[in-house]
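Peer 1: Okay, handing you the structure first.
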Amino acid sequence: MLDVVVVGAGQAGLSAAYYLARHGLVPETDFVVLDANPAPGGAWLHRWPSLTLGGAHAIHDLPGMKLPAADPAEPASAVVSRYYGSYEKTFELPVHRPVKVQSVHTLADDSAMLFPKDDGGVPADIAGPPLVVETDRGAYETRLVINATGTWDKPHWPHYPGLGTFTGRQLHTHDFQSVAEFAGQRVLVVGGGTSAVQFLLQLADAGMETAWSTRRAPEFTSREFNPDWGRDVERRVNERTAAGLPPLSVVGVTGLPLTQQYQNGIAAGTLVSRGPLQRLTPDGAVFEDGSTFEADAILWATGFRAALDHLAPLKLREPGGGIVMDGVKVARDPRLLMVGYGASASTLGASRAGRAAALAALDRLRVPATA
């Protein structure tokens, strides 16, 4: 019987594992870390090769070990994979991979005796029997689960009338590799986040004709991205998760930084939205203002949703579609802690959320946290 199973070895999952070990839990004996990826790096492992370290969102340090200096022109996926791999070795955090978690459910009621209630061995605030983490490489029984699966495996594809009639290629950010595959094409980019903006600039630089569609006018901001800003963003995202509503994307709260590069793109007409889509046609799109764009390809930069299908047996969803959270604690099930959901789905708060989850787990296990 394990004390904790950490599901996911991205930034939040590694942070949680680091703090569990730092405060006395023994890897492989008291807790394990499971990861579906074939190598270290979390979601960064899947970023397209043309996303360089210099062009990526800020890559935040993991606890206890700073990101080493690297060439800004190197692919971010390679830099982060190397960094996370070194981190796992340095802090002796063996990660089981590739391991696909298929479901998390409660152990059969007749196994509840594994949690004796009168010997002081298990805290009273861990309600109910143990959890079973079912994977494609066997099952793990555990008192607690720290879920850190993030969003990369759950790309969001919105529906529009005529979606199935478009005869060109459609792909999502999840599947993007290089602008070279769009050579000579007219490309419609849909989505209001940073990925959409970066795709548009790369495509335009490579000579492709583009159009940009967003549901709302793009929100460019010159506000300084400082710690106070970050805390305000997390507060606003957490207000929704505390109410059991599906979380908004962090970019949906922050807006887009008005960098010189983005200003140039606006001036050139590349970063000017045509507005919302009304429908798709076999050869392109019709916008809500009635204008049209003939396209060879549609790139859906429409974000991701929390990858939580494996938690369905625990019945955590509220009528509004979200999961009620108190920070990293799941209101419906004290055996589960979640990071990479809501505000911690971005690099803004992932490491702090991992620490919070580890400390909450230690508290529930009644393991005293050291300084």
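Peer 1: Does GLN263 satisfy the condition of being part of a helix (DSSP H, G or I), polar (S, T, N, Q) and more than 18 Å from the chain's Cα centre (by Cα)?
Peer 2: The answer is yes for GLN263.
Peer 1: Restricting attention to the stretch 1-36, and to residues there that are part of a loop (DSSP other than H, G, I, E, B) and surrounded by 23 or more Cβ atoms within 10 Å (Cβ to Cβ), which single residue is nearest to the chain's Cα centre (by Cα)?
Peer 2: GLY10
Peer 1: Return a yes/no flag: does the stretch 54-61 have any residue that is crowded, with 18+ Cβ neighbours inside 10 Å, of a type in the set (D, E, K, R) and within 20 Å of the chain's Cα centre (by Cα).
Peer 2: No, the stretch 54-61 contains no residue that is crowded, with 18+ Cβ neighbours inside 10 Å, of a type in the set (D, E, K, R) and within 20 Å of the chain's Cα centre (by Cα).
Peer 1: Within the stretch 284-365, considering only strands (runs of 3 or more DSSP E) that don't extend past its boundaries, which have at least 3 residues that are surrounded by 17 or more Cβ atoms within 10 Å (Cβ to Cβ)?
Peer 2: 284-287, 297-300, 336-338
Peer 1: Which pairs have Cβ atoms under 9 Å, sit 6 or more apart or on different chains, and link a residue in the stretch 318-330 that is under 21 Å from ALA350 (Cβ atoms) and in contact (Cβ under 8 Å) with a residue 24 or more places away in the chain to one that is of a type in the set (D, E, K, R) and not in a strand (DSSP E or B)?
Peer 2: Short answer, once both residue conditions are applied: GLY322/ARG240; ILE323/ARG317; ILE323/ARG332; VAL324/GLU318; VAL324/ARG332.
Peer 1: Based on this model, can you work out whether LEU359 counts as in contact with an Asp or Glu (Cβ under 8 Å, 6 or more places away or on another chain), of a type outside the set (Phe, Trp, Tyr), modelled with pLDDT of 95 or more and under 22 Å from ALA12 (Cβ atoms)?
Peer 2: When the stated conditions are applied, LEU359 does not pass them.
Peer 1: Picking from VAL99, VAL104, VAL133, which residue would you name as being of a type in the set (Val, Ile, Thr), modelled with pLDDT of 90 or more, surrounded by 14 or more Cβ atoms within 10 Å (Cβ to Cβ) and closer than 16 Å to LEU14 by Cα?
Peer 2: One residue alone meets the criteria, VAL99.
Peer 1: Cβ-Cβ under 9 Å, sequence separation 6+ or interchain: first residue in the stretch 37-65 and in a strand (DSSP E or B), partner surrounded by fewer than 16 Cβ atoms within 10 Å (Cβ to Cβ) and not charged (D, E, K, R). Which pairs?
Peer 2: As it stands, the answer is THR52/PRO72; THR52/ALA73; MET65/SER86; MET65/THR90, since those pairs meet every condition given.
Peer 1: Out of the helices (runs of 4 or more DSSP H) lying entirely within the stretch 158-254, which hold 3 or more residues that are modelled with pLDDT under 90 and of a type outside the set (A, V, I, L, M, F, W, C)?
Peer 2: Correct list: 227-242.
Peer 1: A further question follows. Name the pairs whose Cβ atoms lie under 8 Å apart, with the first residue in the stretch 67-94 and surrounded by fewer than 12 Cβ atoms within 10 Å (Cβ to Cβ), the second at pLDDT below 95 and assigned to a loop (DSSP other than H, G, I, E, B), and 6 or more positions between them or separate chains?
Peer 2: ASP71/LEU53; ALA73/LEU53; ALA73/GLY54
Peer 1: Let me ask another. Only residues that are in contact with a Pro (Cβ under 7 Å, 6 or more places away or on another chain) and either at pLDDT 95 or above or not hydrophobic (A, V, I, L, M, F, W, C) (or both): list them for the stretch 107-130, please.
Peer 2: Within the stretch 107-130, ASP109, SER111, ASP125 meet the criteria.
Peer 1: Can you name every residue in the stretch 25-41 that is out of contact with any Asp or Glu (no Cβ under 8 Å at 6 or more places or on another chain) and of a type in the set (Gly, Ala, Ser)?
Peer 2: Listed by number, the residues that qualify are ALA39, GLY41.
Peer 1: Taking the conditions exactly as written (of a type in the set (A, V, I, L, M, F, W, C) and under 20 Å from ALA16 (Cα atoms)), does LEU311 satisfy them or not?
Peer 2: Criteria met by LEU311.
Peer 1: Which condition number does ALA76 fail, the rest of (1) over 21 Å from ARG143 (Cα atoms); (2) out of contact with any Lys or Arg (no Cβ under 7 Å at 6 or more places or on another chain) being met?
Peer 2: Just one mismatch for ALA76, condition (2).
Peer 1: In addition: May I ask you to say which residue of LEU308, LEU277 is hydrophobic (A, V, I, L, M, F, W, C), modelled with pLDDT of 90 or more and either within 30 Å of VAL101 (Cβ to Cβ) or touching a helix residue (DSSP H, G or I) at 6+ places or on another chain (Cβ under 8 Å) (or both)?
Peer 2: So the residue among LEU308, LEU277 that is hydrophobic (A, V, I, L, M, F, W, C), modelled with pLDDT of 90 or more and either within 30 Å of VAL101 (Cβ to Cβ) or touching a helix residue (DSSP H, G or I) at 6+ places or on another chain (Cβ under 8 Å) (or both) is LEU308.
The values are calculated or read from the model by the stated rules, or taken from the named source; none is laboratory data. Being a predicted model, the structure only gives us computed values, none of them experimental. Positions of Cβ are generated from backbone atoms using ideal geometry, with glycine treated the same way; all protein chains shown enter the neighbour counts.
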